[in-house]
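To keep things clear, I will list the structure first and then write my remarks on it.
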Amino acid sequence: MNKPSSEATSRRTRRLTAPDIGGRKGGEPVVCLTAYTAPMAKLLDPHVDLLLVGDSMGMALYGMDSTLGVTLDMAIAHGAAVVRGSQHACVIVDMPFGTYQESPAQAFRNCARVMTETGCGGIKIEGGREMAETVRFLVERGIPVMGHVGLKPQSVNTAGGFRSQGHDSESAAAIVADAHAVAEAGAFSIVVEAVVESVARTIADTTPVVIIGIGASPACDGQVLVTEDAMGMFTEFTPKFVKRFGEIGEAIGKAAADYAREVRARTFPAPKNLYGDR
Ligand code: KIV
């Protein structure tokens, strides 16, 4: 029988921290999924290293058409739920649009609230060179930071849509420079989203911190997907970079149809679901 690695053992006996994740550069791939609720966190926790309370909740959970409507209070409520629902994964909370871009001081104030009110292991902010000063400010003051470069969903309005990045040499060089700046500023890990494979590979090969890919490259140090996408909860648009590992949406639809049929036929509740007289 295979002995569990010391990594796997520590994963079972205590919660992984941002430094644990940061220590995985070039090692066993870091497995990440998003989670927004305690029951989902509980289901995913035995299988993943990192649970991201992504601002993708705006779209995946709240039916918004972008991530921009997610508020700090929403991030805190869902972050606390995911921490309560998990025991082993490092929980990282995405900072919502408008809660960190103004200044390093604004970022610290809001990130400190997220850390203290959720008990999470760190935060994620979008941005490259323009956010490096903020990353450094946060890390020097005790807040583990995950960066996010390439497609930045919070910049959808200036980017003109959700588009893959790095198709010409100028934009490829800019994304690489962004990743290097955020790493140099002290981020323990960086998400690289929807970037041409060769550019993502260059980032993974030349950046000394753990690179987590989504629509990036298998050369990354780990991968993340939005759980609702990966589990097939949506029947509408699925981005190219998503693989559906399950068909939960179909299973829910079938269960709801079975329930509706039994209620209409009065076969549910059955005698075994009823309380008898005492
Ligand atoms: O909000 C989110 O879920 C994310 C991931 C897609 C990386 O940022």
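The values are calculated or read from the model by the stated rules, or taken from the named source; none is laboratory data. Just so we're clear, the structure is a prediction, and the values are computed from it rather than from any experiment. Positions of Cβ are backbone-derived with ideal geometry, glycine not excepted, and every protein chain shown enters the neighbour counts. The protein model used for the area step is the full one, side chains on, heavy atoms only, and it has no ligands, DNA or RNA in it. Shrake-Rupley method; radii C 1.70, N 1.55, O 1.52, S 1.80 Å.
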#### Entry: Rounded FRET efficiency, nearest 0.05, which uses the C-beta distance separating VAL31 from GLU247 and R0 of 25 Å
0.75
### Task
Determine, for each peptide in 182-191, 84-93, the mean count of other beta carbons within 10 angstrom over its residues, then list the peptides with the highest first.
182-191, 84-93
### Message
Under the 0.36 nm per residue contour assumption, what length would be gained going from the current alpha-carbon distance of THR206 and THR238 to full extension?
### Response
8.5 nm
### Compactness of the stretch 94-176, expressed as Rg and Dmax over alpha-carbon positions, Å
13.7, 43
### Task
Give the Rg/Rh ratio for the stretch 136-278, taking Rg as the radius of gyration of the Cα atoms and Rh as the Kirkwood radius, to two decimals.
1.25
### Task
At 1.4 Å probe size, with every protein chain present, just tell me what the per residue accessible area of the chain comes to in Å².
51
#### Entry: Peptides 195-204, 239-248 ordered by average Cβ neighbours within 10 Å, highest first
195-204, 239-248
### Query
Counting each DSSP H run of 4 or more residues in the chain as -39500 (n - 2.57), what helix-only mean residue ellipticity at 222 nm follows after dividing by all residues, to the nearest 500 deg cm²/dmol?
-11500 deg cm²/dmol
### Task
Work through the residues other than PHE188 whose Cβ is under 14 Å from its Cβ and net out their charges, Lys, Arg +1 and Asp, Glu -1.
-1
## Note on the structure
With the chain reduced to its Cα atoms and the Debye formula applied, log10 I(q)/I(0) at q = 0.07, 0.09, 0.15, 0.16 1/Å amounts to -0.28, -0.44, -1.10, -1.25
### Query
Once both axes come from the Cα atoms, what is the angle between helix 72-85 and the longest principal axis of the chain, in degrees from 0 to 90, rounded to 10?
60
### Query
How far is helix 197-206 tilted, in degrees, relative to the longest principal axis of the Cα atoms in the chain, given as a value from 0 to 90 rounded to the nearest 10?
60
### Query
When the Kirkwood radius is taken over all Cα pairs of the stretch 213-278, what Stokes-Einstein diffusion coefficient follows at 10 °C and 1.306 mPa s, in µm²/s?
105
### Query
Which whole-number percent gives the relative contact order of the stretch 186-278, counting Cα pairs below 8 Å spaced six or more residues apart?
17
### Cα principal axis extents for the stretch 16-118, largest first, Å
36, 30, 23
### Query
Hey, can you rank 119-132, 43-56 by average C-beta count inside 10 Å, highest first?
43-56, 119-132
### Query
Where does helix 104-118 land angle-wise versus the long Cα axis of the chain, in degrees 0 to 90, nearest 10?
30
